[in-house]
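Here's the structure, in structure tokens; my notes come after.
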Amino acid sequence: MRVLVVEDELKMASLLRRGLVEAGHAADVARTGDDALWMARAVDYDAVVLDLMLPGLSGVEVCRRLREDGIWSPVLMLTARDGVEDRIAGLDAGADDYLTKPFSFAELLARLRALVRRGSAERPAVLEAGDLRLDPATRQAWRGDAEIGLSPKEFALLETFMRRPGQVLSRLELIEHAWDFAYENRSNVVDVYVRYLRDKIDRPFGRTSLETVRGVGYRLRAEAG
């Protein structure tokens, strides 16, 4: 595999590159966030090892920009901080995994192998369908520039739809993703909450993005128009 190592500390960058090469991989090194961005745009890397603390653009911002550019190479984030907030920020920006310094190089290789096995499928931090956007991290949703207030269950249902745009989802599938085993009254709960969603994401904007597929279930049109 070909790996982009983004690390500003020269000794650490050299150790990582040498270890990857000795393990039979190709490795390039970027010392700044700006360098990492242009290199990742120019080369289809199998994985990115990204330090959290970089001069200029932080690792979190680099990861966020990569995802915004449609670059879905798996990202393993390195951090000298053991704070939960830093890990959360990195994962919410689109990172796939993290390691806290100091770490075992054997573990880094194992984590990279696991990430590469998953592939580089699109995993956006903010979900979009047309001008409808949803941020699972901040629990916010927008139609264009207008923020939409949703209850926790409405948000969960909309997230289920937006992770599968254009796909017809049965009532059972929607219940399985947005409700838990403790919920017993399953008679018409999906129909009720779809109506709530339509009243918030469609009707105020003159849209019909949530479609009823008779005899099957519901579908969020991919363009959400």
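A few notes on this one:
- Where residue 174 falls short, out of the listed (1) touching a residue at least 24 places away in the same chain (Cβ under 8 Å); (2) out of contact with any helix residue (DSSP H, G or I) (no Cβ under 6 Å at 6 or more places or on another chain); (3) surrounded by 12 or more Cβ atoms within 10 Å (Cβ to Cβ): (2)
- Cross-chain or 6+ apart pairs with Cβ under 8 Å, region 28-48 first and free of Cβ contacts under 8 Å to residues at least 40 places away in the same chain, then loosely packed, with under 15 Cβ neighbours inside 10 Å and of a type in the set (A, V, I, L, M, F, W, C): 28/43; 31/10
- Within region 61-90, being of a type in the set (Asp, Glu), closer than 20 Å to residue 9 by Cβ and out of contact with any Gly (no Cβ under 9 Å at 6 or more places or on another chain) holds for 82, 86.
- Residues located in region 31-89, provided they are among the basic types (Lys, Arg) and either crowded, with 23+ Cβ neighbours inside 10 Å or over 15 Å from the mean Cα position of the chain (by Cα) (or both): 31, 41, 81
- Residue check, residue 40 under 19 Å from residue 96 (Cα atoms) and assigned by TED's automatic domain parsing to the domain that holds residue 85: yes
- Scanning region 20-32 for residues that are farther than 13 Å from residue 49 by Cα, part of a helix (DSSP H, G or I) and not β-branched (Val, Ile, Thr) yields a single hit, 22.
- Screening region 13-38 for residues that are farther than 17 Å from residue 64 by Cα and β-branched (Val, Ile, Thr) and picking the one that is modelled with the lowest pLDDT gives 21.
- Residue ID - modelled with the highest pLDDT, chosen from residues in region 90-119 that are among the small types (Gly, Ala, Ser) and surrounded by 17 or more Cβ atoms within 10 Å (Cβ to Cβ): 95
- Complete set of residues in region 67-90 that are out of contact with any strand residue (DSSP E or B) (no Cβ under 7 Å at 6 or more places or on another chain) and on the phi < 0 side of the Ramachandran plot: 67, 68, 69, 71, 72, 80, 81, 83, 84, 85, 88, 89
- Filter result for residue 161 (touching a residue at least 24 places away in the same chain (Cβ under 8 Å), assigned to a helix (DSSP H, G or I) and more than 26 Å from residue 46 (Cβ to Cβ)): yes
- Meets criteria (basic (Lys, Arg), in contact (Cβ under 8 Å) with a residue 24 or more places away in the chain, part of a helix (DSSP H, G or I) and more than 21 Å from residue 27 (Cα to Cα)) for residue 64: yes
- Scan of region 9-24 for residues that are buried (at least 18 other Cβ atoms within 10 Å of the Cβ) and either among the hydrophobic types (A, V, I, L, M, F, W, C) or in contact with a helix residue (DSSP H, G or I) (Cβ under 9 Å, 6 or more places away or on another chain) (or both), ordered by number: 13, 16, 20
- For region 89-140, residues that are assigned to a helix (DSSP H, G or I), within 23 Å of residue 156 (Cβ to Cβ) and without any contact (Cβ under 8 Å) to a residue 24 or more places away in the chain total 1.
The values are calculated or read from the model by the stated rules, or taken from the named source; none is laboratory data. Note that the structure is predicted; figures quoted are calculated from it, not measured. Here Cβ is always computed from backbone atoms with ideal geometry, including for glycine, and neighbour counts include all displayed protein chains.
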